[in-house]
Amino acid sequence: MAIAHVCLGCGFDLARVRAFREPHYGLPLVVCPRCQAATTRRRHPLWSAFRRFKRLDFTITVLGLQLSLAALLAVFTPFGSLAMVVGVSGTQRNTFDSDLWWLYFWPLAIIGPLTGAWLTMGFSHLNRGRTFLGWYAFLCCITFFGWLLAAVRDDLDSQFMVVQLDPERWPVLARGAVGYVSHAIAMGAVMLSAVAGIPLGWGFQRLTGNLRQTLWRNRRRKRRLRSAA
Amino acid sequence: MTETPSGSRAAPATTAVAHHRVSSLTGDRLCIRCAYNLVGQPILREPHYDMLIVRCPECATVASVQEYPLLGPWAGRWAAVAAGLWLLFLMAFWIGTGAMIFGFSVGVGEWSADKLSQVFYHDYAAWEQTQRATVALNTATRPVGVLAAQPSTAYQVWWEGLDLQPFINSKGGWLTLIDWEALLLWIPLGLLSFVCGCVWAVMLLANKTRARLLWGVCIMAVAVAFSIIPLVDWLADGSNSYGNISRQILGPIFMGLSLAFGGMCLLIGLVVGRTAIRWLLVLLLPPRLRSPLAMFWLADGLQPPSTT
């Protein structure tokens, strides 16, 4: 049942009188059928507080989801591309079974499109090209930090298996630099494969938009039916 | 109200005035005292102030219908409980932040002394072998029935006979005897302190920069207070093991440096935390979702974010 809304002019309960948007200020106006006094319909403070809480809750959920996905992809993309480099260099030197070479490219098939879909859907308010470049730069930064740490600790070989080119001929830092560059190139390949995720992101965006509109329409219809009953 | 000659109070004359019924409630409205739903009750025009009222049929409480109904006493009670819980959380987080900085600092202090500890251990082991060889020689060459004077292998004796500065110089100087890998702990220390500073900057939303910095000093006071425990432990009796000696020498310095570093990162977080959070929100959230978090802008006197 609607919440009571008493006309301050004559005391008539306007709860069942439907409000309309007045053209000047866009306020929901109710005109008393008895005394013709016009009042605006306000939401009950409890209901307003609940709606504010729901909006805040939704915002924080989206923020949490964005941060979780960012953390997840910031871990999986560097490690996936590192695995790709290790696999390729191992196959070249016949360390690993070359029959399964295509398995090393799983980041291109999974992480890349997932990243593309996320960057398209989650950052639709930003320039897409800059978003992709920014994410790649961020990945390069955190990977560089990892390599730098490994170089400082002087245990590149044990920390990262990439440095298998020719350990005898390369000093530690140079090996680290070569390893880092190959890692960055592999991440660049993953980012290129992320382009395949853009249509996926568009699709999700459209789907959620339609869902939101449908839910809003249904709520509005229900409210209208309730007030008419 | 009037006083009768007999002293008893007479009922006010106004009670006799009848309320004028103007309408009846068709929507929901709960009684402010007993929460009874007043739907269907008559709306009355009361004669004293010409106000519109509804009287609860259960408890006869009069509610003015000009305002929204109140929540009753429980709203205030729950608000007090929530405020108390929030205060408890803030206190726990205050202690926790200080304890985190202390924990990393004591870790750096102990780790930095590991190399020196190993050097002491190897030197003591060599000295002990020499002493044991002397004991064995004395035992083998002593005449029968005579007790030979035996050199001690006790750790204390070795330490008292050690001239520290020449010993350190002979091992390559202080810089080579410090385990610099301990400083790797500064990475998580700095990051976590900065993040805690940002979180505090958000939680202390009503405070300006100076007050937040003062709060940072309070957090560091907790960390320093905790640090007294290992300091007392290290400095109380440092000569009973090579680990304790090395920690006694290097521990306080590196713990102090780590405390200073953690404190600096915390203060940076407290100062730039809100800006960082605002930047993160603009980056991660589309405009229509930013308005519920407008308080982060309004708290610093900035324009709230646009919703378009």
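Structure data summary
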| quantity | calculated |
| --- | --- |
| Criterion (within 14 Å of chain A (Cβ to nearest Cβ), under 18 Å from B:I253 (Cβ atoms) and free of Cβ contacts under 8 Å to residues at least 12 places away in the same chain) met by exactly one of B:L184, B:L175 | B:L184 |
| Flag for B:L289 being within 14 Å of chain A (Cβ to nearest Cβ), at pLDDT 90 or above and either closer than 26 Å to A:L119 by Cα or over 25 Å from the mean Cα position of the chain (by Cα) (or both) | no |
| Subset of segment A:128-152 that is within 12 Å of chain B (Cβ to nearest Cβ) and open to solvent by 90 Å² or more (accessible area, probe 1.4 Å) - its residue that is modelled with the lowest pLDDT | A:V152 |
| Residue within segment A:36-43 that is at the interface with chain B (Cβ under 10 Å from one of its Cβ atoms) and either more than 30 Å from A:A137 (Cβ to Cβ) or at pLDDT below 85 (or both) present | yes |
| Count of segment B:194-233 residues which are touching a residue at least 12 places away in the same chain (Cβ under 8 Å), among the polar types (S, T, N, Q) and closer than 18 Å to B:G301 by Cα | 1 |
| Residue satisfying all of: in segment A:63-90; β-branched (V, I, T) and open to solvent by 30 Å² or more (accessible area, probe 1.4 Å); nearest to B:L285 (Cα to Cα) among these | A:V75 |
| Residue list for segment B:25-54, restricted to those being at the interface with chain A (Cβ under 10 Å from one of its Cβ atoms) and of a type in the set (K, R) | B:R29, B:R45 |
| Segment B:55-66: number of residues that are within 14 Å of chain A (Cβ to nearest Cβ) and part of a loop (DSSP other than H, G, I, E, B) | 3 |
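The values are calculated or read from the model by the stated rules, or taken from the named source; none is laboratory data. All of these numbers come straight from a predicted model, not from anything done at the bench. For neighbour counting, all protein chains shown are included, and Cβ atoms are generated from backbone atoms with ideal geometry for every residue, glycine included. What goes into the accessible areas is simple: the full protein's heavy atoms, side chains included, and nothing from ligands, DNA or RNA. Shrake-Rupley method; radii C 1.70, N 1.55, O 1.52, S 1.80 Å.
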